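Working notes for the structure below.
The values are calculated or read from the model by the stated rules, or taken from the named source; none is laboratory data. Model, not experiment: these values are computed from the prediction. When we count neighbours, we look across all protein chains shown, and the Cβ atoms used for this are built from the backbone with ideal geometry, even at glycine. Note: accessible area is taken over every heavy atom of the protein model, side chains too, but ligands, DNA and RNA are not part of it. Shrake-Rupley method; radii C 1.70, N 1.55, O 1.52, S 1.80 Å.
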Amino acid sequence: MKVLKFIFFGLLSLIVLAAVAAIFMKKDFHYEKSTDINASKDLVWSYVSNFSKHDSWSQWKLLDPNMKTEISGVEGTVGSKMTWVSDHAQVGNGSQTISNIIPGERIDVQLEFDGDRNSTSYYKFAGDSTKCKVTWGLDMHIDYPMNVMGPIMDAMMDDMFVKGLNMLKDA
């Protein structure tokens, strides 16, 4: 019985500690990664701005090859939208909609996951006809008490961005 009490109070202490820590932790998160690609800026732009080309560099498609996607609107333009449905826990359901374009320079995308947890993603492009630097960023808000997951999210997002950019290089 003493062991059960010890386990119970130990778990309770961890939960209380996490809840208190979350009060002082940030709620707004920013992730950004860049890479150089040996391809023209126009070609890289086309792979990012056209959702029909995302399967060739989507790490989420690798996680769930059975993920279903639907594209609506005119690809590569503001309002173009891709919706996905997946039973895989790391992929889930959601959509991304192009919200702003600065031709040849930047694409902003509004993300929605499972009907909530909205965030903004963006891609910045620099380069010429032989080489392109692409920067992929994400800004998101995580409410209390889930913001305690921030440090774990940092590591996960870092891995996902690096993998996605490397796959874009190979696309």
Could you tell me whether any residue of the range 85-102 is exposed (fewer than 15 other Cβ atoms within 10 Å of the Cβ), closer than 30 Å to LEU14 by Cβ and in contact with a helix residue (DSSP H, G or I) (Cβ under 9 Å, 6 or more places away or on another chain)?
yes
Looking at (1) closer than 27 Å to MET146 by Cβ; (2) assigned to a loop (DSSP other than H, G, I, E, B); (3) open to solvent by 80 Å² or more (accessible area, probe 1.4 Å); (4) without any contact (Cβ under 8 Å) to a residue 24 or more places away in the chain, can you tell me which one VAL74 breaks?
(1)
GLY137: passes all of (1) open to solvent by less than 50 Å² (accessible area, probe 1.4 Å); (2) of a type outside the set (A, V, I, L, M); (3) more than 19 Å from ILE98 (Cβ to Cβ) but (3)
Within the range 162-171, track down each residue that is out of contact with any Phe, Trp or Tyr (no Cβ under 8 Å at 6 or more places or on another chain) and either open to solvent by 80 Å² or more (accessible area, probe 1.4 Å) or assigned to a loop (DSSP other than H, G, I, E, B) (or both).
LYS163, LYS169
Which number in (1) outside any strand (DSSP E or B); (2) surrounded by 13 or more Cβ atoms within 10 Å (Cβ to Cβ) marks the one condition that SER121 misses?
(1)
The condition of being among the basic types (Lys, Arg), closer than 23 Å to MET156 by Cα, open to solvent by 60 Å² or more (accessible area, probe 1.4 Å) and in a strand (DSSP E or B) holds, among LYS26, LYS33, only for LYS33
Considering ASN50, ASN66, ASN38, which residue is of a type outside the set (D, E, K, R), more than 13 Å from LEU165 (Cα to Cα) and in contact (Cβ under 8 Å) with a residue 24 or more places away in the chain?
ASN50
Among the candidates LEU62, LEU14, which residue alone is under 22 Å from TYR144 (Cα atoms), part of a helix (DSSP H, G or I) and open to solvent by 80 Å² or more (accessible area, probe 1.4 Å)?
LEU14
Out of (1) in a helix (DSSP H, G or I); (2) of a type in the set (Asp, Glu); (3) surrounded by 13 or more Cβ atoms within 10 Å (Cβ to Cβ), the odd one out for ASP159 is which?
(3)
Going through ILE37, ILE71, ILE15 one at a time, which residue ends up being out of contact with any helix residue (DSSP H, G or I) (no Cβ under 6 Å at 6 or more places or on another chain) and among the aliphatic types (A, V, I, L, M)?
ILE15
Which count do you get for residues in the range 141-152 that are part of a helix (DSSP H, G or I) and open to solvent by 40 Å² or more (accessible area, probe 1.4 Å)?
5
